Amino acid sequence: MAGRAGPSLGPLSDGGRVIVLGGGPAGTSCAIAIKRLATEMGRDVGVTVLETKEFVGERHFNACVGVLSPPLDSIMVNDLGVPFPRRLSRAIIQGYVLHTEREMICLDDPGEPSVALRRVQLDAYMLDAARRRDIQIRHARATDLEFHDDGVVVYTDADPVEGDVVVGAFGLDEGTAAIFHRSTGYQPPVSLSSIVTKIHPGADLMARIGSQLHVFLPPTRGIEFGAITPKGNHLTLNIAGSDVDAQLMGEFLRWPVLRQVLDGVVLDRPGQDGDLRFYKGRFPRSLAQKGFGDRYVTIGDAAGLVRAFKGKGVTSAMQTGVRAAHALLESGLSASALAHHYEAANQDIIRDLPYGQFMRWTTIWLARTGLLNAVVRAAAESPRLRRALYGAASGHAPYRQVLGDSLAPASMVAILSAMAGRSVPGSQPKTL
């Protein structure tokens, strides 16, 4: 870093340079937001994004279901100036069907629907949007990281990159997390594992699935939840848990409740178009430790800034990317500036995490004991409990609200009545 003037830890100034590690939704949204805000402030700030994968041509993939939830549309348009990629949509999710071992309930979407697409196409779209805004994209892997009084050096498997601040948008990549840990003491979030596959069941079943996303809460130990997501000409199937593997995915594919929904589709051997190839990924369920400090900040999955049980990962990634951009340009590059601005801006996510963790463990316990069946039966007659289930399944509502709706007196009366085999007093049965 010899020869540099030694900028302060104040806000990014004219001539500042930012290095973003990761070209997913978090990294590209942060890069685009920095460029846009800097231009509005009359500052020329250089941004370099390091990304190891090649998304164009779908040479690499991301083990993500790919559901874009509100308010992502407004974030992209209003905060990034990037059109929402509706042309990439494979399906509009207009409702959810929740399945337990013995019960099911249809939960219609009362507001703006979600959009299902192929995540690799979204990544390619966002990287192209960044490139069009004069953001440098380098296909290289970070190998080491140094912090100095006057800036940051990121060593790569190609040329080193120098800047004033580094943004960690590397998801749960263990190699990059280890580099950050050595340099800063950063500790990655605790995570859940996920297994994803797909099937092409034919036009008849796709028509029957329609625009509904099916969520499964099986009693199987090790599987916390599963889902079927329509994607135009195919279905994406996934499970999640602390340590799910191919064997647990096989159990899920043989589960009679899933078999009934798939109506006899053969799932015991690989098919065409990559059917039943398993892809494994992870997503966080806690906050990272030391997720920001002098000259660095982590965003999205790397920071653990997602919903504790139902991730809404892409939406949270872009939200936190935009918030980090504002903090770096308006407050500064120091740990204290980031605590004052960035951490404060993310309190909506941070304060909701304990409620989400409580709901997660409660749901697991209810599924294992079979009591979740009574909860679903009760929701058929209790509007407030049905709203709670919708909020939990869709991820649209804060878990504090979900928990409040679940523990409301009317909801508890409905659950106790369902456990006793009685109708809820004063209610009208709901046809599903």
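Bear in mind these aren't lab numbers, they're just calculated from the coordinates by the rules spelled out. Bear in mind that the values here come from a model prediction, so they are computed numbers and not experimental data. In this analysis, Cβ positions are derived from the backbone assuming ideal geometry, glycine residues included, and neighbour counts consider all displayed protein chains.
Quick notes on this structure:
- F278 paired with F358, simple spin-label distance in nm, labels 7 Å along Cα-to-beta-carbon: 3.5
- Relative contact order computed over region 192-281 (Cα-Cα under 8 Å; 6+ residues apart), in percent: 39
- Arranged from fewest to most other beta-carbon atoms within 10 Å of their beta carbon, R259, R141 become R259, R141.
- S336, S382 arranged by Cβ crowding within 10 Å, fewest neighbours leading: S336, S382
- Considering only L117, L262, L21, the Gaussian network model of the chain with Cα springs below 10 Å gives its largest mean-square fluctuation to L262.
- Applying 1/(1 + (r/R0)^6) with R0 = 60 Å to the Cβ-Cβ distance of E40 and L416 gives a FRET efficiency near 0.60.
- For region 89-111, backbone nitrogen atoms closer than 17 Å to the point 7 Å from D263 Cα along Cα-to-C-beta are found at 97.
- The residues neighbouring P71, those whose beta-carbon lies less than 11 Å from its own, together hold a net charge of -2 under the Lys/Arg +1, Asp/Glu -1 convention.
- Least to most buried among E146, E51 (fewest other Cβ within 10 Å first): E146, E51
- One decimal place: the segment E174-E162 gains 2.1 nm when fully extended, by the rule 0.36 nm per residue minus the C-alpha distance.
- Summing +1 for each Lys or Arg and -1 for each Asp or Glu among the other residues whose beta-carbon sits under 15 angstrom from that of S336 gives -1.
- Angle in degrees between helix 383-394 and the longest Cα principal axis of the chain, rounded to the nearest 10: 50
- In the chain, helical runs assigned H by DSSP with n ≥ 4 each contribute -39500 (n - 2.57); averaged across all residues and rounded to the nearest 500, the mean residue ellipticity at 222 nm is -10000 deg cm²/dmol.
- Using alpha-carbon coordinates, inclination of helix 25-40 to the longest axis of the chain, degrees: 50
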